[in-house]
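The values are calculated or read from the model by the stated rules, or taken from the named source; none is laboratory data. These figures come from a predicted structure and were not determined experimentally. Backbone-built Cβ (ideal geometry, glycine too); neighbour counts: all protein chains shown. Keep in mind that these areas ignore ligands, DNA and RNA; they rest on the heavy atoms of the full protein, side chains included. Shrake-Rupley method; radii C 1.70, N 1.55, O 1.52, S 1.80 Å.
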Amino acid sequence: MSIDPLFSVPGDESNREVEIATDGVTIPWYAVHVRPHHEKTIARVLQNKGVEEYLPLYKERRRWSDRFVEAELPLFPGYVFCRLDWTLRILPVLTTPGVLRVLGVGRTPMPVDEQELQAVRLMVNSGLTLRPWPMPRIGEWVRIEHGPLAGVEGVLIGFKKQTRLVVSVTLMNRSVAAEIESGWARPVTRPRRRPMDIVRESPDSFDLRNAVS
């Protein structure tokens, strides 16, 4: 069975869990680099073009004039995730104003780790307080046993008397932190690093224009 990998799904974008396949092969997600402060507009244009995109957001209170407002901001500024099959329709992405490039190694585009992206989705849907976070260099690897993030693994850190779980997207060298209860976490053995993980710690930018050259 062959299914067009580039399409939009109606309904709640934050809860999309669609299995997309071409001849039984799952179409991977890529991190598309876009113009800063234009993530929402570009994601909307991509969706209207039939591209399946994902833009994780978090809420932050900001002062505006004489009052505070709650703004929704990208968890990964300057990036939109897209499902892409490089053997099929690339032009809808390539011709989108504001799209710069897709992350990769050298001239080879690299997909985002599915488990890492799924962990980000769970954090966004959890209702917990989220923040963009630097890649952790130290910390205890844990699995969350209770609460809305049950089953998610990441690095447990302490920050200003709060406990936070940090989940990273290795290819992008960026992380997301969620405030949790310390009793939710159980220490586990950290997964062995794959050779590609080491490469992905210093990703290059793959220009989309090379894909059709």
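Quick notes
- Pairs where the first residue, in region 42-69, is free of Cβ contacts under 8 Å to residues at least 12 places away in the same chain and in a strand (DSSP E or B) and the second is among the β-branched types (Val, Ile, Thr) and open to solvent by 40 Å² or more (accessible area, probe 1.4 Å), C-beta under 7 Å, 6+ apart: 62/69
- Scanning region 91-148 for residues that are of a type in the set (S, T, N, Q) and more than 30 Å from residue 186 (Cβ to Cβ) returns 95, 96, 108.
- Restricting the first member to region 113-131 and to residues that are over 15 Å from residue 164 (Cβ atoms) and without any contact (Cβ under 8 Å) to a residue 24 or more places away in the chain, and the second to residues that are open to solvent by 30 Å² or more (accessible area, probe 1.4 Å) and not in a helix (DSSP H, G or I), the beta-carbon pairs closer than 7 Å and six or more apart or on different chains are 127/148.
- Residue list for region 124-148, filter: of a type in the set (Ser, Thr, Tyr) and surrounded by 16 or more Cβ atoms within 10 Å (Cβ to Cβ): 126
- When residue 102 is tested against (1) within 23 Å of residue 132 (Cα to Cα); (2) modelled with pLDDT of 95 or more; (3) open to solvent by less than 40 Å² (accessible area, probe 1.4 Å); (4) not charged (D, E, K, R), just one condition goes unmet, and that condition is (2).
- Filtering region 70-82 to residues that are under 16 Å from residue 175 (Cα atoms), open to solvent by 10 Å² or more (accessible area, probe 1.4 Å) and in a strand (DSSP E or B) leaves 73, 74, 79.
- When residue 121 is tested against (1) surrounded by fewer than 19 Cβ atoms within 10 Å (Cβ to Cβ); (2) over 11 Å from the mean Cα position of the chain (by Cα); (3) not in a strand (DSSP E or B), just one condition goes unmet, and that condition is (2).
- Filter pass, residue 85 being under 30 Å from residue 185 (Cα atoms), open to solvent by less than 30 Å² (accessible area, probe 1.4 Å) and of a type outside the set (Ser, Thr, Tyr): no
- Within the option set 121, 190, 107, being at pLDDT 95 or above, touching a Phe, Trp or Tyr at 6+ places or on another chain (Cβ under 9 Å) and of a type outside the set (Gly, Ala, Ser) holds for one residue only, 121.
- Checked against (1) open to solvent by 70 Å² or more (accessible area, probe 1.4 Å); (2) at pLDDT below 85; (3) more than 21 Å from residue 130 (Cβ to Cβ), residue 20 passes all but a single condition, namely (1).
Residues are listed down the side, and each one gets a yes or a no for (1) touching a Ser or Thr at 6+ places or on another chain (Cβ under 9 Å); (2) without any contact (Cβ under 8 Å) to a residue 60 or more places away in the chain; (3) part of a strand (DSSP E or B):
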{"position": "148", "(1), (2), (3)": "yes, yes, no"}
{"position": "155", "(1), (2), (3)": "yes, yes, yes"}
{"position": "158", "(1), (2), (3)": "yes, yes, yes"}
{"position": "163", "(1), (2), (3)": "yes, yes, yes"}
{"position": "168", "(1), (2), (3)": "yes, yes, yes"}
{"position": "171", "(1), (2), (3)": "no, no, no"}
{"position": "175", "(1), (2), (3)": "yes, yes, yes"}
{"position": "179", "(1), (2), (3)": "yes, yes, yes"}
